[in-house]
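Only one structure is covered here, and it is reproduced in the block below.
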Amino acid sequence: MEHKPTTQYTGKKTTSRRQKIIDLQANQPVHRLEIVLLRVYPRRMVYSEHYVGPVAAACGRDETGIVGLVLWGDQIQQVQVGDILLLESGWCRERKGELVVSTGRNGRLNVLGR
């Protein structure tokens with residue numbers, strides 16, 4: 001009987017594992033966060049030395065908590081309340097004692113489902 005080496009395919013993606021809101025820390029990167037968008041506040045215009053354009057505050061949740069979210073430029077029109085969002089390569093900060101996540105300059109925000 002011939003012996004064949006066995007290899008097992010796990011089917012797992014090589015992307016970083018999903019973070020949860022409870023594990024977020026201020027002034028730390030956000031690698032992969034999935035949240036349900038709960039609310040989008042009215043947009044406003046920002047004129048600063050690093051960014052000029054529309055910004056909107058929002059908030060979202062997962063099974064472990066609620067977090068603030070900053071939406072920049074085109075992101076405001078891409079999302080709707082109830083969307084499942086994936087934030088990758090973003091940033092977490094603290095504002096008025098609450099955690100807030102953003103894509104920052106290099107991150108991505110994708111709508112996974114409605």
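The values are calculated or read from the model by the stated rules, or taken from the named source; none is laboratory data. Nothing here was measured: the structure is a model prediction, and the numbers come from that model. Heads up, the Cβs are rebuilt from the backbone with ideal geometry, glycines too, and the neighbour counts pull from every protein chain shown.
Summary table
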quantity: Of residues in the range 78-110 being of a type in the set (S, T, N, Q) and not in a loop (DSSP other than H, G, I, E, B), the one surrounded by the most Cβ atoms within 10 Å (Cβ to Cβ); calculated: 102
quantity: So residue 63, is it exposed (fewer than 12 other Cβ atoms within 10 Å of the Cβ), modelled with pLDDT of 95 or more and either closer than 17 Å to residue 20 by Cβ or of a type outside the set (Asp, Glu) (or both); calculated: yes
quantity: Pair list, Cβ < 6 Å and 6+ apart or interchain, from the range 94-114 residues that are closer than 16 Å to residue 56 by Cβ to residues that are aromatic (Phe, Trp, Tyr) and modelled with pLDDT of 95 or more; calculated: 102/91; 104/91
